[in-house]
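Comments concern the structure below.
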Amino acid sequence: MKAPGKRGRRERIKNSVSRIFAGLVYLFLYIPIAVVVLFSFNTSRRNIVFEGFTLNWYKELTKNTALLEAFRNTLIVSGTSTVIATAVGTLAAIGMFRHKFKGRSLIDALLYIPVVIPEIVLGIALLSVFSIARIPLGLGSMILAHTTFCIPFVVFTVRARLAGFDKSIEEAAMDLGANRVKVLFGITLPIIAPGIASGAILAFTLSIDDIVISYFATGPSGTTLPLKIMEQVRAGVKPDVYALSAVIMLVTFLGVLGSQIIAYRGAKKMALAKDKGDL
Amino acid sequence: MKRAKKKELISLLAMVSPVSFWMALLIALPLIYILGISFCGTDEAHNIVLSPTLRNYARIFDPAIAGIYLNSLSVAGLATIFAILIGYPFAAIMANAKPFSKTLMYVALMLPFWTNCVIRLYAWRTILGSNGTLNFILLKLGLISKPLEIMFTRGAVVLGMVYTLLPFMVMPISTVLEKLDRGLLEASSDLGARPATTFLRVTLPLSAPGVFAGVIMVFIPALGFFFVSDLMGGGTSQLIGNLVERQFKESFNWPFGAALSVLLIAATLILVRLYTASGGQLDDLGAM
């Protein structure tokens with residue numbers, strides 16, 4: 001056995017090295033974000049050094065209709081795709097969990113494909129289908145494309161939640177006279193709701209930041225924010241793009257913080273209830 | 001009894017047919033079409049002509065194309081290695097953290113990804129460009145006499161890839177490390193193994209599936225992320241992704257672009273096959 005003092009010191013050193021390392025990784029991840037926020041308040045339009053504080057770019061932003069429209073399009077595409085993908089994906093996950101049937105492994109294989117193949121391949125493949133089927137390129141085609149790559153992520157996330165699901169609860173409800181639809185909405189869905197929620201959040205996250213697949217599915221009738229920014233980057237970004245990004249960041253930061261606090265409180269309440277023997 | 005069976009079938013169809021139709025029409029059909037046209041040629045007007053040929057595949061041995069392939073493989077390889085070197089220790093720290101700090105670390109890791117990645121990469125340009133913040137500071141301090149050329153190099157593309165893909169390396173590794181049986185580590189240490197030996201002989205082999213999953217999630221996208229090479233490399237470092245993109249958006253040689261894509265799919269399938277053969281779970285690739 002080593003002397004406890006030596007072991008304790010080694011532990012302490014290990015802990016501080018871990019902290020410093022994690023800190024450096026976060027620095028790497030957050031430096032660009034700090035730059036975005038800082039330069040959105042910069043008086044100079046050249047993003048090199050911080051020259052002075054201004055809110056001018058936020059005012060400019062309200063006049064930049066092209067950028068705001070791209071942002072609105074992004075919300076439409078991501079919102080719609082998330083809703084469709086969550087509905088189709090959740091049903092599929094439950095159906096595949098409940099029933100064993102021929103062709104199940106084929107559906108599984110088709111679901112794995114968009115997850116593992118490079119996005120660019122899916123992008124060009126979808127573009128080809130849209131052109132054969134004469135589907136006009138625009139918001140509609142982008143919703144189809146985004147939903148396609150979001151469905152598998154919803155299925156896998158919901159399935160992970162179903163893995164711990166007790167089928168006898170459903171059977172009990174059916175024995176007591178509930179029909180299938182009632183069981184689905186009254187029992188199954190509420191139990192797996194956290195899984196559905198995290199699947200939907202994952203789908204929305206992937207969709208809102210997608211650039212590769214959108215790049216191929218986009219058309220004259222509408223473009224999304226990532227594509228608009230990509231377009232502007234070639235000409236040089238004005239700080240009003242930074243201002244919009246800073247606003248989006250603030251909203252998501254508050255949203256994530258809020259949902260985490262709610263989740264944490266919920267977990268604490270559950271633990272307390274368990275201690276008291278209520279559950 | 002028969003009625004129950006029928007009801008069972010209806011419930012199955014109601015739940016599984018939407019996903020089946022969707023995946024058949026928008027995954028299977030497009031990929032079969034891509035495979036098909038990869039064996040076709042084009043006429044002067046860029047129309048696809050049905051004349052079975054292997055020419056599109058043979059073009060890969062064209063030195064210019066092969067050069068892009070090698071560059072793309074080395075960029076993706078370097079990005080994967082750096083992602084492991086940064087991501088593994090980070091995942092270990094996260095897996096060993098107390099529940100509250102673990103949640104905090106996870107949220108802080110994912111939060112930047114809610115901001116558009118193009119804008120975050122563009123911010124790197126502001127920092128690293130030849131009149132960027134970093135060079136400005138170093139010049140002011142007198143540490144360098146002329147600006148460092150960091151942007152628009154292969155190194156910058158690798159940095160952009162690591163930056164964009166790091167969480168996809170961290171998540172699968174930390175999931176595996178969390179499930180690791182602590183008893184095994186204690187046993188190894190009680191039997192006299194030094195921490196380094198325990199790590200190399202116990203922890204590392206047991207976490208290999210997580211690393212493998214991370215490699216797939218980083219290496220494969222890194223071959224295709226043409227926008228990272230556009231933003232960070234400015235055209236100096238062409239990737240397979242740029243080559244494919246150009247066939248579809250500029251030179252309109254869809255069959256050649258399709259052949260390049262088929263090769264990317266083949267590479268992916270080989271990696272995934274190796275992953276499942278080594279005991280990896282496919283679902284772990286999709287769930288974050």
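The values are calculated or read from the model by the stated rules, or taken from the named source; none is laboratory data. On a predicted model such as this, the values are computed, not experimentally measured, just so you know. All Cβ positions, even for glycine, are placed from backbone atoms using ideal geometry, and neighbour counts span all protein chains on display. All accessible areas refer to the heavy atoms of the entire protein, side chains included, with ligands and DNA or RNA removed. Shrake-Rupley method; radii C 1.70, N 1.55, O 1.52, S 1.80 Å.
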Shape category assigned to chain A from the gyration tensor of Cα positions, a/c cut at 1.5: oblate
Rank A:VAL77, A:VAL17, A:VAL35 by mean-square fluctuation in a GNM of chain A with C-alpha springs under 10 angstrom and give only the top-ranked residue. A:VAL17
Candidates B:TRP254, B:TRP124, B:TRP22, ranked by Gaussian network fluctuation over chain B, Cα under 10 Å, top entry: B:TRP22
Tabulate in residue order the Karplus-calculated ³J(HN,Hα) for segment B:97-114, using 6.51 cos²θ - 1.76 cosθ + 1.60 with θ = phi - 60°, rounded to whole Hz; enter x for Gly and Pro. 6, 5, x, 5, 5, 4, 4, 4, 4, 5, 4, 5, 6, 7, 3, x, 7, 8
Would you calculate the convex hull of the Cα atoms in segment A:138-279 and tell me its volume per residue in Å³? 143 Å³
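If segment B:235-274 were replaced by its equivalent ellipsoid, with semi-axes equal to the square roots of 5 times the Cα gyration tensor eigenvalues, what would those be, largest first, whole Å? Please list the in-between numbers first.
Details: eigenvalues 97, 35, 5 Å².
Value: 22, 13, 5 Å, ordered largest first.
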Once normalised by the length of chain B, the mean sequence separation of its alpha carbon contacts under 8 Å that are 6 or more apart gives a contact order in percent of 26 percent
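Using only the Cα atoms, what convex hull volume per residue in Å³ does chain B have?
Working: hull volume 68.9 nm³, N = 288.
Expressed per residue, the convex hull around the Cα atoms of chain B is 239 Å³.
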Starting from the Cα of A:LYS238, draw a straight line to each of the lysines and keep only those under 19 Å, dropping any in the same chain fewer than 8 residues away. A:LYS59, A:LYS63, A:LYS228
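Considering all projection directions equally, how large on average is the shadow of the alpha-carbon convex hull of the protein assembly as shown, in square nanometres?
Values: hull surface 133.9 nm².
Quarter of the Cα hull surface area: 33.5 nm².
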Can you order the peptides A:164-173, B:147-156, A:224-233, A:209-218 by their average number of other Cβ atoms within 10 Å per residue, highest first? A:209-218, A:224-233, B:147-156, A:164-173
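So what is the calculated 222 nm ellipticity per residue for chain A, using -39500 (n - 2.57) for each DSSP H run with n of 4 or more, over all residues, to the nearest 500 deg cm²/dmol? Numbers along the way, then the final one.
Working: 12 runs with 217 residues, N = 279.
One gets -26500 deg cm²/dmol as the mean residue ellipticity at 222 nm.
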Which of the lysines could a cross-linker span from A:LYS6 if the Cα-Cα distance has to be under 30 Å and same-chain partners fewer than 8 positions apart are dropped? A:LYS14, B:LYS98, B:LYS102, B:LYS179
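Would you compute, from DSSP H runs of 4+ residues alone, the mean residue ellipticity of chain B at 222 nm, taking -39500 (n - 2.57) per run and dividing by the full residue count, rounded to the nearest 500?
Values: 14 runs with 199 residues, N = 288.
One gets -22500 deg cm²/dmol as the mean residue ellipticity at 222 nm.
Report relative contact order for segment A:60-245 in percent, whole number only (criteria: Cα-Cα under 8 Å, sequence separation at least 6). Before the final figure, lay out each step's value.
On the way: 192 pairs, mean separation 74.6, N = 186.
Relative contact order of segment A:60-245: 40 percent.
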Buried accessible area, chains B and A (both chains, 1.4 Å probe, Å² to nearest 100): 7700 Å²
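Let me know the volume per residue of the alpha-carbon convex hull for segment B:193-255, in Å³. Mind showing how you got there, number by number?
Numbers: hull volume 7.0 nm³, N = 63.
Spelled out: Cα convex hull of segment B:193-255, divided by residues, is 111 Å³.
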Members of segment A:82-104 that become less accessible by 10 Å² or more once partner protein chains are added (1.4 angstrom probe, chain alone as reference): A:ILE84, A:VAL88, A:LEU91, A:ALA92, A:GLY95, A:ARG98, A:HIS99, A:PHE101
With a 1.4 angstrom probe the carbon and sulfur portion of accessible area for segment B:215-288, in percent, totals 63 percent
The set of residues whose placed amide H lies less than 5 Å from the amide H of B:THR42, leaving out same-chain residues fewer than 5 positions away, is B:VAL49
Carbon and sulfur %, accessible surface of segment A:60-245 computed with the full protein complex present, 1.4 Å: 65 percent
Across A:ALA145, A:ALA70, A:ALA34, the residue with the highest GNM fluctuation in chain A (Cα network, 10 Å cutoff) is A:ALA34
Other-chain or far-sequence residues with amide H under 5 Å of A:GLY219's (modelled H): A:GLY138
Output the DSSP H helices from chain A with an along-axis C-alpha extent of no less than 30 Å and a mean Kyte-Doolittle hydropathy no less than 0.5. A:4-39, A:65-98, A:139-162, A:239-276
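Taking every eigenvalue of the Cα gyration tensor of segment B:122-276, multiplying by 5 and rooting it, what semi-axes result, largest first, whole Å? Spell out each step's value before the answer.
Numbers: eigenvalues 278, 160, 19 Å².
Value: 37, 28, 10 Å, ordered largest first.
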Within segment A:150-168, what residues put their amide N at less than 17 Å from the label point 7 Å along the Cα-to-Cβ vector of A:GLN260? none
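Quote the FRET efficiency, to the nearest 0.05, computed for B:LEU54 versus A:ARG12 with a Förster distance R0 of 56 Å and r equal to the Cβ-Cβ distance.
Working: r = 64 Å, r/R0 = 1.14.
Working from the Cβ atoms, E equals 0.30.
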Heavy-atom accessible area per residue of segment B:1-97, all protein chains kept, 1.4 Å probe, expressed in Å², is 58 Å²
Residue by residue through A:28-41, how many Cβ atoms from other chains fall within 10 Å of the Cβ on average? 5
From highest to lowest solvent-accessible area (probe 1.4 Å; ligands, DNA and RNA excluded), B:SER229, B:SER51, A:SER221 read A:SER221, B:SER51, B:SER229
Find the accessible area per residue for segment A:60-245; the probe is 1.4 Å, ligands and nucleic acids are left out, and the unit is Å². 39 Å²
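Give, as a single signed number, the net charge of other residues whose beta carbon lies under 14 Å from the beta carbon of A:PRO194, with Lys and Arg counted +1 and Asp and Glu -1.
So the environment of A:PRO194 carries a net charge of +2.
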Amide H partners (placed H, <5 Å) of A:ASN42, local residues excluded: A:THR54
Let me check I've understood the local charge: for B:VAL244, count other residues with C-beta under 14 angstrom from its C-beta, Lys and Arg +1, Asp and Glu -1. What total comes out? -1
Quick one: accessible area per residue over segment B:171-255, 1.4 Å probe, rounded to a whole number of Å²? 41 Å²
